[in-house]
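Working notes for the structure below.
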Amino acid sequence: MPINPKPWQGIITTGPHWFYKKDREMVHNARTIIEMMADVNSKNGNLLLNVELLPNGSLSSDEKAILDEVGAWVNKNSAAIYASKPWKVYGDNLNSILKRASSIANADLEALKKQNESEQFNQRTIKSPPYGNDEVRFTTKGNVLYVFVLNPTEGEISLPTLGLKSNQSPNQIKSIRMMDGKKVAFKQTDEKLTFKIPANRPSKYAAVFEVKGAL
């Protein structure tokens, strides 16, 4: 799904139903909810999460654990989420799952290709293949570009979209920081931006970077 020029809303629920059932298999966990939040935000959307309450109106232990983890991640990265806007493109190194297709069954691969070509929003679940380590999403706020690395691992990644001569025409980048304020080493050429994903990050989930100067 491309960036929608008008704000929209995606709706998901943690389990297979929109109400609590005792013997249910969870569809989402903290990781998939965070990935979907980044994806939806980058495409000018908002994510509405349904929480399946117990009959007495309280949270089950598994639902609470998910919300606690998502809440902790959002608190660390709130500047990149609340009141953010999409950039010219929603991401870079797209379709990383298809590029790793050798480990995906043929039937699943065909389904992923159709999903990728769809104009509709398609949700990921716990069973979805992981993103590549260099696939990212973008949001903006004011003169700051935020980069969400969906499945981060320690090491370098390269983003052609932020090369000085890319079709998006970014400016010379002045600094890159993690959301905890830690500076990140980077190099911007005509072809790409390369920067390092630190081993020590604020969260084990999607890593968010504050990029100044590009806009």
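The values are calculated or read from the model by the stated rules, or taken from the named source; none is laboratory data. Quick caveat, the model's predicted, so the values are computed rather than measured. Cβ coordinates were reconstructed from backbone atoms using ideal geometry, including for glycine residues, and neighbour counts include every protein chain displayed. Heads up: the accessible areas ignore ligands, DNA and RNA and are worked out on the full protein's heavy atoms, side chains in. Shrake-Rupley method; radii C 1.70, N 1.55, O 1.52, S 1.80 Å.
Dipole size in debye (nearest 20) for the chain around its Cα centre, Lys and Arg Cβ +1, Asp and Glu Cβ -1?
Computed charge dipole of the chain: roughly 620 debye.
In whole Å, how far is the Cα centre of the range 42-104 from that of the range 162-185?
23 Å
Sort TRP73, TRP18 from largest to smallest accessible area, using a 1.4 Å probe on the heavy atoms of the protein chains.
Details: TRP73 5, TRP18 140 Å².
The most accessible residue leads, giving TRP18, TRP73.
Carbon-plus-sulfur fraction of the accessible area of the chain, 1.4 Å probe, in percent? Write out the running numbers ahead of the final one.
Working: 5560 of 11260 Å².
The nonpolar share, carbon plus sulfur, comes to 49 percent.
Just subtract the alpha-carbon distance of ASN46 and LEU98 from 0.36 nm times their residue separation and send over the number in nm, one decimal. Mind showing how you got there, number by number?
Numbers: separation 52, 0.36 × 52 = 18.72 nm, distance 2.58 nm.
Stretched out fully, the ASN46 to LEU98 stretch lengthens by 16.1 nm.
Need one number: nm distance between label points at GLU154 and ALA65, each 7 Å from Cα along Cα→Cβ, rounded to one decimal.
2.7 nm
Residues of the range 123-159 with backbone nitrogen within less than 20 Å of a virtual label 7 Å along the Cα-to-Cβ line of HIS17, please, listed as ranges.
Answer for the range 123-159: 126.
Excluding THR125 itself, what net charge comes from residues whose Cβ is under 11 Å from its Cβ, given Lys and Arg +1 and Asp and Glu -1?
Values: positive: ARG31, ARG124, LYS127; negative: GLU25, GLU35.
Its environment carries a net charge of +1.
Would you mind getting the accessible area per residue of the chain, heavy atoms of the protein chains only, 1.4 Å probe, in Å²?
52 Å²
Given the options PHE138, PHE186, PHE148, state which has the largest fluctuation in a GNM of the chain using a 10 Å cut-off (strictly under) for Cα springs.
Between PHE138, PHE186, PHE148, it is PHE186 that shows the largest mean-square fluctuation.
Report the accessible area of LYS212, computed with a 1.4 Å probe over the heavy atoms of all protein chains in place, in Å² rounded to the nearest 10.
90 Å²
Cβ under 13 Å from PHE138's Cβ, PHE138 left aside: what net charge do those residues give with Lys, Arg +1 and Asp, Glu -1? Let's see the in-between values first.
On the way: positive: LYS43, LYS85, LYS88, ARG137, LYS141; negative: ASP39, ASP92, GLU135, GLU210.
Summing Lys and Arg as +1 and Asp and Glu as -1 gives +1.
With springs only between Cα atoms under 10 Å, which of LEU59, LEU145, LEU162 fluctuates most in a Gaussian network model of the chain?
LEU59
Along Cα→Cβ, 7 Å out, is where each label goes; now give me the distance between the ones at ALA72 and LYS174 in nm to one decimal.
Spacing of the two 7 Å Cα→Cβ label points: 3.4 nm.
In whole percent, what relative contact order does the chain give with Cα contacts below 8 Å and a gap of six or more residues? Kindly include the intermediate steps, with their values, before the conclusion.
Details: 406 pairs, mean separation 42.9, N = 215.
Averaging sequence separation for qualifying contacts and normalising by length gives 20 percent for the chain.
Order LEU53, LEU67, most accessible first, counting only protein heavy atoms with a 1.4 angstrom probe.
Values: LEU53 80, LEU67 55 Å².
These residues rank, largest area first, as LEU53, LEU67.
Multiply the residue separation of ASN56 and ALA199 by 0.36 nm, subtract the distance between their alpha-carbon atoms, and state the gained length in nm to one decimal. Numbers along the way, then the final one.
Working: separation 143, 0.36 × 143 = 51.48 nm, distance 4.27 nm.
Contour length minus Cα-Cα distance gives 47.2 nm.
Which of ILE33, ILE11, ILE157 ends up with the largest GNM mean-square fluctuation for the chain, with Cα atoms connected below 10 Å?
ILE11
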